[in-house]
Every structure is written in structure tokens, then in C-alpha cells.
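Beneath this line is the structure, given in C-alpha cells, with notes to follow.
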Amino acid sequence: MFIVDSHCHVSTCWYEPVEVLVDQMQQNGVDRAVLIQMLGQFDNDYQFECETRYPDRFASVVLVNSADPAAGDHLQDLASRGAKGVRLRPDDPPKIWHKAADLGLIVSCIGTPQTFASPAFTGVLKSFPNLSVIIEHLGGMAAQADSSTEALHETVFELGRFPNAFIKIHGLGEFCRRKIPVEQSFPFDPSGLPLLHRACDAFAGRVMWGSDFPPVSFREGYANALRLPMIELESRPETEYADIFGGVAARLFGLS
């Protein structure tokens, strides 16, 4: 199966350099990856360098300072250099969303359940129907029993009605509690697993797996971040399964 990691960070000044990611990919049979610029880093040169050094292996999602009056010009320059997408927040200024749409970029969107559930974000999805918007980190949701939280989760899942809305699922350690004592076979409290399946149901055909490398190394580790969701979702239809772990991201980012 062709596997694409849709969410990785690389850097020489924070996290890990690209060679560490490449090693993890090779060890775990991951064919391609999307490099997501970390928050607060507006110099995207290293990601472009990684693409040059490893041709056809990576796609780059860049970051610009949306508060900068020249942000649109910077984004246009990055797009001309080959950026496939830009990382935005739901409440970033409308003009940068307009620019992303005009340039035909993909938006990888980081936020909280509250910001994703807001009328403003729904307005973004309605206003730019041809703009592919990926909700990162399962919308910031985590397994909780609180009734108000459940209502918020449901509002986020309802965004799946928009055909331009996608969602990323990451390692289970991001939204499931770790069991204490830790169990070798399955180290998580299974109460968080319904969120995973609800995401797959709500965004059918628009779900993609991403490791969140290297922060995942502080949780269950890269190999488990891929292996455990694959085991949990192996009952999904074969085509859907292949799409989650590679097909959707490959088509969206042109990673053949």
C-alpha cells in the first residue's frame, strides 16, 4: 500500500533535521510526506531545500506572518517556488484566505474545537468552495465525557458536509489517554477511539493520516503512530483504508 505521511515538521533549529524523518519513513514503509511549517517560523527555505535534496518525496506547506501587510506578496513568492499549501488559523485575516484561494493553494488549518466550530470558520468554507481546507489534529479534539464538549465535537464533525473540508487523523496518543500501567499490545484507553471512527464517517473520502513527527516521539513514537491506527481502522472498506493512509494526501498534494 502506498503510504503518505500528511503531517511532519523538520528544521535545523527546532525539532529534527530531515534525515531523521527520512530514516523513520524508510523503517516504517512510508513512501511520501508533507512538510508542515512549524508555528512561528516564517523562513521556509529549509523545507524547499529538503524537496530539492529528496526529489518527489516531499510536498511543502509553508507559513507566512498573516499580520504582515506584505503577507500576500510573500505567499505568492512561496507559491512560485513550489509550495503546495499554506498553514493558516481559522481566524487569520480574510485577505490571506483570499490569497491562498487565488493561488490555488491547499490550506492546512490549525485551531481549537471552538474556532473550528465557530460561524466564522463555516463562513470560510462557504466563501471558498474551491479551496481545499484540511482540519489538522482531529480539530483539536480529545476524548472527554463532558456534555458541552460533546456538543462542540458534533459541530466540528458536521463540517464534513462541506466537500472542500478535509480532516487529519494523527497518532492515537494525541487524543487518547495512555493506560497506566502501560500495556505492550495497546497502550491507550479505548474511550478515545470513537472520535477516530466518527471522523472517518463524517469526512468520508476526505480523511488523511499524519504522524505529527517529531512531537509524536514524545508520545507513542513514529512506528506506533502508524501501526495502531492501521490496526484500529483495518475493518474499514479497502478503498477507504488506502485513501486514509495515502490516497487522499497523494492526490491532494500531487505525491504520486
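Using Cβ point charges alone (K and R +1, D and E -1), the dipole size of region 1-140 about the Cα centre works out to roughly 480 debye.
Roughly how many Å is it from the Cα centre of region 11-58 to that of region 194-211, as a whole number? Region 11-58 and region 194-211 have Cα centres separated by 24 Å. The length gained by stretching the chain between ALA223 and HIS197 to full extension, at 0.36 nm per residue less their Cα-Cα distance, is 7.3 nm.
Here the chain is treated as a sphere whose radius is the Kirkwood value from Cα pairs; by Stokes-Einstein at 25 °C and 0.890 mPa s it diffuses with a coefficient of 133 µm²/s. Here the simple spin-label model places points 7 Å from the Cα toward Cβ, and for THR112 and ALA151 these points are separated by 1.7 nm. Working from Cα pairs under 8 Å separated by at least six residues, relative contact order for the chain is 20 percent. Restriction of the GluC sites (Glu not before Pro) in region 199-256 to DSSP coil positions whose beta-carbon has at most 16 other beta-carbons within 10 angstrom yields GLU234.
Against the compact-protein benchmark of 2.2 N^0.38 Å, the Cα-based radius of gyration of region 167-256 scales to 1.07. Charges were assigned to the Cβ only: +1 to each Lys and Arg, -1 to each Asp and Glu. The resulting dipole of the chain about its Cα centre is roughly 340 debye. Pairs of Lys residues in region 4-253 are counted when their Cα atoms are under 18 angstrom apart and they lie 8 or more places apart or on different chains; the count is 4. For region 103-240, a crude dipole built from +1 on the beta carbon of Lys and Arg and -1 on the beta carbon of Asp and Glu, taken about the Cα centre, is about 240 debye to the nearest 20. Multiplying the residue separation of ASP91 and ASP45 by 0.36 nm and removing their Cα-Cα distance gives an extension gain of 14.0 nm.
Is the shape of region 1-110 rounded, prolate or oblate, going by the alpha carbon gyration tensor and its root eigenvalues a ≥ b ≥ c, with a/c under 1.5 for rounded and a/b larger than b/c for prolate? Here region 1-110 falls in the prolate category.
In a DSSP loop and with at most 11 other Cβ atoms within 10 Å, there are no GluC sites (Glu not before Pro) in region 115-163. Principal axis analysis of the Cα atoms in region 90-157 yields extents of 42, 19, 18 Å, listed in decreasing size.
Summing +1 for each Lys or Arg and -1 for each Asp or Glu among the other residues whose beta-carbon sits under 10 angstrom from that of ARG57 gives -1. Per-residue ellipticity at 222 nm computed for the chain from its helices equals -10500 deg cm²/dmol, with DSSP H segments shorter than 4 residues left out and the rest contributing -39,500 (n - 2.57).
Since every read-out is calculated from the coordinates, none of them should be taken as a lab result. Just so you know, these numbers come straight off a predicted model, no measurement behind them. FYI the Cβ positions are ideal-geometry reconstructions off the backbone, even for glycines, and counts take in every protein chain you see.
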